[in-house]
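The values are calculated or read from the model by the stated rules, or taken from the named source; none is laboratory data. What you see is a predicted model; the values in this text were computed from it and never measured. Here the Cβ positions follow ideal geometry from the backbone for every residue, glycine too, while neighbour counts run over all protein chains shown. With ligands, DNA and RNA removed, areas are computed over all heavy atoms of the protein, side chains included. Shrake-Rupley method; radii C 1.70, N 1.55, O 1.52, S 1.80 Å.
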Amino acid sequence: MQEVKEYIQSRCTRLDEWKDRIARLNEKAQNNGADERLRAQLASLRRREEAVRQMVESLREAGEEEWKELKSGVEQAFRQLEESLRHASQQIS
């Protein structure tokens, strides 16, 4: 199960990086007087990051078969969150 622990740690590290990035984007948006739509998009990103983090945490207690299924969902959620974060970054920059 070392593979599972390493996977969870790598995903948590990435989520921590994204959480910091979302916070920086939020600060930048506030300083630049971003419109309500962009602020709502950033709030949605924070909620999605938290939801993905919960998905990753659920892997800790999953059995081997369940882990394989959950991992697939986590990977898909990661791709979607990353794309949304990239889009928000482009709008603010």
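Points to keep in mind about this one:
- For beta carbons closer than 9 Å, sequence separation of 6+ or different chains, a first residue in segment 1-20 that is modelled with pLDDT of 95 or more and a second that is aromatic (Phe, Trp, Tyr), the qualifying pairs are ARG11/PHE78; ARG14/PHE78; LEU15/PHE78.
- Taking residues in segment 37-59 that are in contact (Cβ under 8 Å) with a residue 40 or more places away in the chain, and partners anywhere that are of a type in the set (Ser, Thr, Tyr) and open to solvent by 20 Å² or more (accessible area, probe 1.4 Å), the pairs with Cβ atoms closer than 7 Å and at least 6 places apart or on different chains are LEU45/SER84.
- Residue match in segment 40-57 (condition: loosely packed, with under 15 Cβ neighbours inside 10 Å, at negative phi and assigned to a loop (DSSP other than H, G, I, E, B)): no
- Segment 30-39, residues that are open to solvent by 40 Å² or more (accessible area, probe 1.4 Å) and either at pLDDT 95 or above or in a helix (DSSP H, G or I) (or both): GLN30, ASN31, GLU36, ARG37, ARG39
- Which numbered condition VAL74 fails, given (1) part of a helix (DSSP H, G or I); (2) at positive phi: (2)
- When residues of segment 8-24 are limited to those that are of a type outside the set (Ser, Thr, Tyr) and over 11 Å from ARG46 (Cα atoms), the one surrounded by the most Cβ atoms within 10 Å (Cβ to Cβ): ARG11
- Remark: pairs (first residue in segment 75-88, within 12 Å of TRP18 (Cα to Cα); second residue of a type in the set (Val, Ile, Thr); Cβ separation under 6 Å; 6+ apart in sequence or on different chains) = LEU81/VAL52.
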